[in-house]
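Here's the structure, in structure tokens; my notes come after.
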Amino acid sequence: HTAATTTASPTAPVPADGARRISISEANELLAKDAAVMIDVRNQASYDLGHIKGARLIPLSEVVDHLDDLPRNKLIVTYCSCPSEHTAAIAVNNLKGKGVDNAAALVGGFPGWQSAGLPVSTGAATP
């Protein structure tokens, strides 16, 4: 059982779903350096109620349709509202299946980001 954890990053073991994770503090640091892009994989209604400031809304079912819109030179951080990042992890694995390796699911998702007191916005997505 220990062999799997040795290949993972020191910050987080790879969960059973195999999707890379990123901590809220790491994601926030990358955003500050313009080295990450936040992708909200929830639905429009959830996004409108509140989302990470600057995040783009791309619902899970549409993520692979937006491959050309996603930067290859930044980390693509997906997030949802699930405590175990379930939906965000599916998005990461879907992207990985299309050859996009620079993606990670946000640990704790939107609720975790909010509780950390980090910037959030409300209202509809800007094009």
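The values are calculated or read from the model by the stated rules, or taken from the named source; none is laboratory data. Note that the coordinates shown come from a computational prediction; the quantities given were computed from them, not determined experimentally. Every residue, glycine among them, receives a Cβ derived from its backbone with ideal geometry; neighbour counts consider all protein chains shown. Accessible surface areas use protein heavy atoms only, side chains included; no ligands, DNA or RNA. Shrake-Rupley method; radii C 1.70, N 1.55, O 1.52, S 1.80 Å.
Quick notes on this one:
- Subset of the range 91-127 (residues that are in a loop (DSSP other than H, G, I, E, B), surrounded by 16 or more Cβ atoms within 10 Å (Cβ to Cβ) and not polar (S, T, N, Q)): Val100, Val107, Gly108
- Being closer than 20 Å to Ala19 by Cα and either surrounded by fewer than 18 Cβ atoms within 10 Å (Cβ to Cβ) or touching a strand residue (DSSP E or B) at 6+ places or on another chain (Cβ under 7 Å) (or both) is true of Ile76.
- Residues of the range 38-53 that are out of contact with any strand residue (DSSP E or B) (no Cβ under 6 Å at 6 or more places or on another chain) and not hydroxyl-bearing (Ser, Thr, Tyr): Arg42, Asn43, Gln44, Ala45, Asp48, Leu49.
- Screening Asp69, Asp34, Asp40 for residues that are surrounded by fewer than 19 Cβ atoms within 10 Å (Cβ to Cβ), at pLDDT 95 or above and charged (D, E, K, R) leaves exactly one candidate, Asp34.
- Identity of the residue in the range 43-59, over 20 Å from Arg72 (Cβ atoms) and in contact with a helix residue (DSSP H, G or I) (Cβ under 6 Å, 6 or more places away or on another chain), that ends up least open to solvent (accessible area, probe 1.4 Å): Ile52
- Any hit, the range 74-84, residues being at pLDDT 95 or above and part of a helix (DSSP H, G or I): no
- Among the residues of the range 14-31, the ones that are open to solvent by less than 60 Å² (accessible area, probe 1.4 Å) and either among the acidic types (Asp, Glu) or outside any helix (DSSP H, G or I) (or both) come to 6 in all.
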